[in-house]
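*Asks:* Questions regarding the structure given below will be posed in turn.
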Amino acid sequence: QVQLVESGGGLVQPGGSLRLSCAASGRIFSSNIMDWYRQAPGKQREWVAGMGSGGTPDYADSMRGRFTISRDNAKNTMALQMNSLKPEDTAVYYCRLAQASSMYWGQGTQVTVSS
């Protein structure tokens, strides 16, 4: 079993920055993919960014250039640096880990971008 815990959410003004973290624990394989998703009120959950254990990041088009994903495989952690935040970035942000044929989700952390 794998547990994921997100942290770092909060209230930020438009144009500001936040750094989210995800800590994974449990039986984690050396080969896996970790992703960030988000879900805004009344909308479907959408993929934000992802990174395999091999280290190649990928981003949704609307986040590219503003968000940066990083991983520390030795510590089983992942981060999402979010810059130039917009009100439409307001959502609950979730961490996901996929390995073998299983997927695990964190409980989410709220990000609110508002003046």
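*Asks:* Evaluate region 45-63: report whether one residue or more is at positive phi, exposed (fewer than 15 other Cβ atoms within 10 Å of the Cβ), assigned to a loop (DSSP other than H, G, I, E, B) and without any contact (Cβ under 8 Å) to a residue 12 or more places away in the chain.
*Replies:* Among the residues of region 45-63, not one is at positive phi, exposed (fewer than 15 other Cβ atoms within 10 Å of the Cβ), assigned to a loop (DSSP other than H, G, I, E, B) and without any contact (Cβ under 8 Å) to a residue 12 or more places away in the chain, which makes the answer no.
*Asks:* Moving on to the next point. Looking for whichever is part of a loop (DSSP other than H, G, I, E, B), open to solvent by less than 80 Å² (accessible area, probe 1.4 Å) and farther than 20 Å from Ser102 by Cα here; the options are Gly42, Gly15. Which one fits?
*Replies:* Result of the check over Gly42, Gly15: Gly15.
*Asks:* Hey, Arg96 hits all of (1) of a type in the set (Lys, Arg); (2) in a strand (DSSP E or B); (3) over 13 Å from Val48 (Cβ atoms) but one; which does it fall short on?
*Replies:* (3)
*Asks:* If we keep just the residues of region 65-86 that are in contact (Cβ under 8 Å) with a residue 40 or more places away in the chain, more than 16 Å from Thr112 (Cβ to Cβ) and not in a loop (DSSP other than H, G, I, E, B), which is farthest from the chain's Cα centre (by Cα)?
*Replies:* Thr77
*Asks:* Could I ask something else about it? Being farther than 25 Å from Gly16 by Cβ, out of contact with any Lys or Arg (no Cβ under 9 Å at 6 or more places or on another chain) and not β-branched (Val, Ile, Thr) narrows it down to one of Phe67, Phe29, so name that one.
*Replies:* Within the list Phe67, Phe29, the selection yields Phe29.
*Asks:* Let me ask something additional. Pick out the one residue from Gly8, Gly65, Gly15, Gly50 that is of a type in the set (Gly, Ala, Ser) and at pLDDT below 95.
*Replies:* Gly65
*Asks:* Among the residues of region 18-36 satisfying the criterion of being in a strand (DSSP E or B), in contact (Cβ under 8 Å) with a residue 60 or more places away in the chain and among the hydrophobic types (A, V, I, L, M, F, W, C), which is farthest from Gly52 (Cα to Cα)?
*Replies:* For region 18-36, the residue satisfying everything is Leu18.
*Asks:* Quick check on Val5: is it within 27 Å of Lys86 (Cβ to Cβ), surrounded by 16 or more Cβ atoms within 10 Å (Cβ to Cβ) and among the hydrophobic types (A, V, I, L, M, F, W, C)?
*Replies:* In short, no.
*Asks:* Out of the residues in region 64-93 meeting the condition of being open to solvent by 30 Å² or more (accessible area, probe 1.4 Å) and of a type in the set (A, V, I, L, M, F, W, C), tell me which one is farthest from Ser30 (Cα to Cα).
*Replies:* The qualifying residue farthest from Ser30 (Cα to Cα) is Val92.
*Asks:* Any residue that is out of contact with any Asp or Glu (no Cβ under 6 Å at 6 or more places or on another chain), open to solvent by less than 10 Å² (accessible area, probe 1.4 Å) and within 15 Å of Gly8 (Cβ to Cβ) - is there at least one of those in region 94-110?
*Replies:* no
The values are calculated or read from the model by the stated rules, or taken from the named source; none is laboratory data. Please read all numbers here as calculations on a predicted model, not as lab measurements. Glycine gets a Cβ as well: all are built from the backbone with ideal geometry, and neighbour counts include every protein chain shown. Side chains included, ligands, DNA and RNA excluded: accessible areas come from the protein's heavy atoms. Shrake-Rupley method; radii C 1.70, N 1.55, O 1.52, S 1.80 Å.
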